[in-house]
Ligand SMILES: Cc1cc2nc3c(=O)[nH]c(=O)nc-3n(C[C@H](O)[C@H](O)[C@H](O)COP(=O)(O)OP(=O)(O)OC[C@H]3O[C@@H](n4cnc5c(N)ncnc54)[C@H](O)[C@@H]3O)c2cc1C
């Protein structure tokens with residue numbers, strides 16, 4: 001991202017959590033108490049969270065549409081194994097009996113993802129209200145290590161140098177029949193308040209990283225043309 005920073009005009013504030021959004025006052029409130037007003041607002045927040053932050057300033061039909069958006073969550077179990085080059089693959093899917101559906105082989109994505117002399121990988125485990133996690137915490141890590149051995153990713157003699165869990169409450173957008181109409185209801189109403197959606201969870205689309213970058217560019221172009229139209233209207 002460092003390559004993009006010199007292109008930014010204006011002030012960049014990091015580490016802020018939006019806790020409330022008022023469309024009437026065109027104002028975002030942050031966890032540290034700061035309030036900022038918008039001319040044009042671009043949101044990357046997960047769409048249901050964004051609508052939740054607007055609260056009862058959102059019409060009932062918009063809140064109902066947000067409540068209808070369905071998704072799948074993921075727990076990532078990151079493992080640092082004490083042996084180099086465990087595999088030459090980048091990611092492997094496991095559609096059979098393992099608790100994880102995929103291992104993302106971090107160590108082959110970048111050598112910076114490896115512990116010194118070792119190898120880094122991530123076991124991805126999906127969960128949802130209809131498919132709760134069977135185990136969690138240390139038990140989940142133990143289960144992933146055991147199953148990594150069973151599928152041949154590592155051996156029982158390998159040492160585990162480090163292990164951690166990262167939760168992704170919003171991971172995969174679920175494409176049901178109501179998704180497109182629900183997203184459109186929310187998106188078109190937000191646009192009347194000069195709010196533009198950009199990104200995988202904000203647009204509620206199955207984007208990969210490259211799509212997310214393009215979504216950012218589209219949002220920037222949309223904001224720029226809205227500001228240009230407004231300026232032309234006031235002259
Ligand atoms: C398990 C998994 C595996 C994936 N694998 C791949 C892959 O192999 N290849 C690939 O190309 N893509 C992959 N993706 C997809 C890729 O990660 C996403 O498409 C991309 O990160 C989306 O970028 P984004 O900017 O839209 O959203 P995010 O990167 O989620 O950005 C949203 C931002 O909004 C911030 N935010 C949320 N709430 C608030 C708040 N209240 N206040 C302030 N900020 C807030 C978040 O902190 C975050 O920084 C994967 C995704 C998942 C979940």
Checking residue 188 against (1) closer than 22 Å to residue 128 by Cβ; (2) part of a helix (DSSP H, G or I): exactly one of these is not met. Which one?
(1)
Of the residues in segment 135-163, how many are touching a helix residue (DSSP H, G or I) at 6+ places or on another chain (Cβ under 8 Å) and more than 20 Å from residue 88 (Cα to Cα)?
2
Is it the case, given these coordinates, that residue 201 is part of a strand (DSSP E or B) and within 10 Å of the ligand (Cβ to nearest atom)?
no
Filter pass, residue 225 being on the phi < 0 side of the Ramachandran plot and more than 13 Å from the ligand (Cβ to nearest atom)
yes
All but one of (1) within 16 Å of the ligand (Cβ to nearest atom); (2) more than 30 Å from residue 116 (Cβ to Cβ); (3) touching a strand residue (DSSP E or B) at 6+ places or on another chain (Cβ under 7 Å) hold for residue 194, so report the exception by its number.
(1)
Considering 3, 33, which residue is out of contact with any strand residue (DSSP E or B) (no Cβ under 8 Å at 6 or more places or on another chain), at positive phi, away from the ligand (no atom under 13 Å from the Cβ) and not in a helix (DSSP H, G or I)?
33
Taking segment 119-130, which residues are within 16 Å of the ligand (Cβ to nearest atom) and either assigned to a loop (DSSP other than H, G, I, E, B) or surrounded by fewer than 17 Cβ atoms within 10 Å (Cβ to Cβ) (or both)?
128
The number of residues in segment 131-180 that are within 16 Å of the ligand (Cβ to nearest atom) and touching a residue at least 60 places away in the same chain (Cβ under 8 Å) is 13
In the list 62, 51, which residue meets the criterion of being within 16 Å of the ligand (Cβ to nearest atom) and either over 21 Å from residue 199 (Cα atoms) or buried (at least 16 other Cβ atoms within 10 Å of the Cβ) (or both)?
51
Only one of (1) modelled with pLDDT of 95 or more; (2) farther than 25 Å from residue 228 by Cβ is not met by residue 38, so which one is it?
(2)
Find the strands (runs of 3 or more DSSP E) located wholly in segment 58-118 whose residues include 3 or more that are touching a residue at least 60 places away in the same chain (Cβ under 8 Å), and list them.
71-81
Output the residue which, of all residues in segment 181-198 that are touching a residue at least 60 places away in the same chain (Cβ under 8 Å) and more than 10 Å from residue 47 (Cβ to Cβ), is surrounded by the fewest Cβ atoms within 10 Å (Cβ to Cβ).
181
Taking the stated definitions as given, is residue 113 within 30 Å of residue 202 (Cβ to Cβ) and either surrounded by fewer than 18 Cβ atoms within 10 Å (Cβ to Cβ) or over 22 Å from the mean Cα position of the chain (by Cα) (or both)?
yes
Selection from segment 92-103 of residues farther than 15 Å from residue 154 by Cβ and within 11 Å of the ligand (Cβ to nearest atom) yields 101, 102
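The values are calculated or read from the model by the stated rules, or taken from the named source; none is laboratory data. Quick caveat, the model's predicted, so the values are computed rather than measured. Positions of Cβ are generated from backbone atoms using ideal geometry, with glycine treated the same way; all protein chains shown enter the neighbour counts.
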